[in-house]
1. Does GLN23 satisfy the condition of being within 21 Å of TYR118 (Cβ to Cβ), away from the ligand (no atom under 16 Å from the Cβ) and part of a helix (DSSP H, G or I)?
2. Determine whether ARG108 is modelled with pLDDT of 95 or more, of a type outside the set (Val, Ile, Thr) and in a helix (DSSP H, G or I).
3. Hey, could you check the stretch 50-86 for residues that are over 11 Å from CYS104 (Cα atoms), under 12 Å from the mean Cα position of the chain (by Cα) and assigned to a loop (DSSP other than H, G, I, E, B) and say which is farthest from the ligand (Cβ to nearest atom)?
4. Which of the residues spanning the stretch 5-24 are charged (D, E, K, R) and touching a Ser or Thr at 6+ places or on another chain (Cβ under 8 Å)?
Amino acid sequence: MRVIIGSDHAGFQAKQQLTQHLQDQGHEVEDLGTHTEESCDYPLIAKAVAQKAVAEHAFGILICGTGIGMCMAANKVTGARAALPYSTETATLAREHNNATILCLGARTMTDKQREQYTDFFLRTPFSGDERHAKRVAQVDAI
Ligand code: RB5
């Protein structure tokens with residue numbers, strides 16, 4: 001899979017760790033920053049990753065302290081569907097039911113193992129394509 005990843009300063013170390021995990025599995029990862037632990041503003045990273053992921057039909061991954069700010073900002077981008085999971089089940093359902101293509105993760109609220117697991121379930125799960133879900137996703141996109 002092609003994955004575009006980004007984080008703020010709070011998510012920097014987690015981004016480095018998850019990038020290595022993804023590359024070990026053979027995924028192609030493009031890192032849009034941040035590249036240091038110096039304080040920065042998460043909305044700018046969320047915008048860059050979400051716009052590129054939508055334009056290139058790629059997956060996006062965004063990490064901040066909680067994942068909340070990244071999720072709020074990414075979902076402002078037209079065509080973006082970003083989800084913040086709290087279990088492997090919700091990571092899976094975000095793909096199956098919601099056709100989310102951007103995964104938001106918390107650096108301060110999840111362990112390395114949880115972030116890896118949520119990411120693995122998210123990337124391996126296709127959208128179900130069921131008519132009822134497709135209709136609702138289209139309604140979300142139209143808002
Ligand atoms: C930064 O301290 C923190 O507010 C940010 O990483 C994120 O958690 C916001 O949602």
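1. For GLN23, the condition - within 21 Å of TYR118 (Cβ to Cβ), away from the ligand (no atom under 16 Å from the Cβ) and part of a helix (DSSP H, G or I) - is met.
2. no
3. ALA58
4. Answer for the stretch 5-24, where residues must be charged (D, E, K, R) and touching a Ser or Thr at 6+ places or on another chain (Cβ under 8 Å): ASP8, LYS15.
The values are calculated or read from the model by the stated rules, or taken from the named source; none is laboratory data. Quick caveat: nothing in here was measured; it's all calculated off a predicted structure. Ideal geometry is used to build each Cβ from the backbone, glycine not excepted, and the neighbour counts take in all protein chains shown.
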